[in-house]
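A quick write-up on the structure given underneath.
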Amino acid sequence: MRPIQFIALLSLLMGVLVIFGIPSERIPTLAANPRIQLLTDPPLQQIRPFEAEATSEQYPVKFVLQALDQQGDLLQLARIHLVLQTPERNIWLPTDFPWAEGSQLLELEALNPVQFEQMLPIRGSYRLQITVKSPAESFQENLDFFVTEAPIKYVFLGILVIVLFGVGILGAWIIGDPAAGDGLSESVRLLLSGAAGVAIVVLLVINFKAGWAETHPAEMPISPTKQAPVMQAEGRELSLEGDPSAVVGQPLALTVKVRDLQTGQSLPDQDLEIRSTQLEHGWTAFAYQGSADLTWQQHFFDGAPHRIAARIPSSPLQVSQIIEVEGIAPPLSIRLIVMSYLLGILTLGMGAGFWIRRALLRSAN
Amino acid sequence: MKAHSQGLERRAIGLTLSVPVQAGLYLSLCGLTLWTIYFSTYPAVHDAAHSLRHHTLLIGCH
């Protein structure tokens, strides 16, 4: 076979693969297989991460997960177990919630279909690990989606870089001035240097003391475990169980139970609404609407008190629990890495300032 | 003796006011100010700079 014929045959084969091969992977023509359908509000491309201290109101992303059978109908009597994993940690490019990176944001198991809302704290690639179990079918599927960073953060970083570079140039310009001593007496310059030294020592002491307090927290009296909130009405009991305290970076297991007061049996068919609200600013961290047959683990990524409220619609049954969430400072390694970036920009600015000063002196001579 | 101590004093002053030492002082002061604003766990500073930290890319908070 001549080379030209070989290339033509290869091109033809690749064309066949492109036309028939790739679309069959991308488009789930798996009419014969059960599958998961994910719907989000806003659409996946428009999701932005949570903006802390925002001036505008922040809303969680609404997820609807449906397990469908071979015909595309809702899979009956199926339970969906989902784990929402946050983007992996990149120590060189951290986010504003470092403890949320590479963690399990939510684990939930409920009856098909599952509808919930979740605030997504950081940018990057999230993964939904879904396991469906029903009498007819059991399967597993991973769904990945990407959340783009809020543009305002790039603006703030840009401003910081410009300011640091400018401060560096200005400092070097003044320090590198050979006639700097002419304007100020030597004693005044020494006094300014001494003041700078004192300021450095004060800042060092403040930061070391803050760091010491962080690594050696004052011993707090352990409060007795609060009783789980329970409410009884109309022959039913609604209870919310879970630890009333949480730590950023660690998931907290919570359970809601509805039971019949006469028989003592649980009532998983009851409709249930759950809402987890951050109390300092009033935004919703997590919400669920569906059947009462539910267990979940929630990662509180913001170190502030939250209220978990559960209620059965069209009934007086509602309970709530305040969760104290202990915030943790970002890892020191991450802070030091980003600090080195900032110092690098400042040093570059100073280098530029000295260079400009020398170039001007040379041209003047 | 007096001349010797005056010489030492002159050298110390010269060293303090030299470009490398002044540049080092400037860099240290700016660096510590940056650390305090963006990374310090000191509660008063943390609360005051909380919004700024969360709105600046790469800066981590609680």
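Sequentially through region B:53-62, phi angles give Karplus couplings (6.51, -1.76, 1.60; θ = phi - 60°) of 4, 5, 8, 9, 4, 6, 8, x, 10, 5 Hz, Gly and Pro residues having no value and appearing as x. The H on the amide N of A:ILE328, modeled in the peptide plane, is under 5 Å from the matching H of A:VAL248, each at least 5 residues off or on a different chain. What's the FRET efficiency of B:HIS4 with A:ALA195 using the Cβ-Cβ distance as r and R₀ = 25 Å, to the nearest 0.05? Taking R0 as 25 Å, the efficiency between B:HIS4 and A:ALA195 is 0.30. Counting neighbouring beta carbons within 10 Å and listing from fewest to most, the residues A:TYR288, A:TYR341 come out as A:TYR341, A:TYR288. When the Cα positions of A:GLN297, A:LEU336, A:LEU82 are compared along the charge dipole of chain A, A:LEU336 comes out farthest toward the positive end, with charges on each C-beta of Lys, Arg, Asp and Glu.
Modelled this way, with points 7 Å down the Cα-to-C-beta line, the labels at A:GLN265 and A:GLU234 are 1.9 nm from one another. Applying a length cut-off of 24 Å (Cα extent along the axis) and a mean Kyte-Doolittle floor of 1.0 to the DSSP H helices of chain A leaves A:151-175, A:186-215, A:332-364.
Spin-label pair A:GLN289-A:GLN70: with each label point 7 Å from Cα along the Cα-Cβ axis, the two points sit 3.4 nm from one another.
May I ask for the distance between the Cα centers of region A:281-323 and region A:69-89, given as a whole number of Å? Each part's Cα centre sits 21 Å from the other's. Using θ = phi - 60° in the Karplus curve 6.51 cos²θ - 1.76 cosθ + 1.60, the 3J(HN,Hα) couplings for region A:248-264 round to 4, x, 10, x, 10, 7, 9, 9, 10, 10, 10, 9, 7, 6, 7, 8, x Hz; x is entered for Gly and Pro.
Positive end of the dipole of chain A (Cβ unit charges, origin at the Cα centre): among A:THR40, A:LEU203, A:GLN115, the Cα lying farthest that way belongs to A:LEU203. Taking the Cα centre of chain A as origin and assigning +1 to Lys and Arg Cβ atoms and -1 to Asp and Glu Cβ atoms, the resulting dipole is close to 1280 debye. Here the Kirkwood formula, the inverse mean of 1/r across different C-alpha pairs, assigns region B:1-45 a hydrodynamic radius of 12.9 Å. Computed on chain A, with alpha-carbon pairs under 8 angstrom and 6+ residues apart, the relative contact order is 18 percent. Coupling constants for region A:96-105 follow from the phi torsions by the Karplus curve (6.51 cos²θ - 1.76 cosθ + 1.60, θ = phi - 60°), and in residue order they are 7, 10, x, 6, 7, 6, x, 10, 9, 6 Hz; glycine and proline get x. Only helical runs count toward this figure. For chain A, summing -39,500 (n - 2.57) over DSSP H runs of n ≥ 4 and dividing by all residues gives -10500 deg cm²/dmol at 222 nm.
Comparing Cα centroids, region A:122-188 and chain B end up 22 angstrom apart.
Quick note: the coordinates plus some simple rules give every number you see, no bench work behind them. This one's a predicted model, so the numbers in the text were calculated from it and none came from an experiment. Cβ sites come from the backbone with ideal geometry, for glycine too, and all protein chains shown count toward neighbours.
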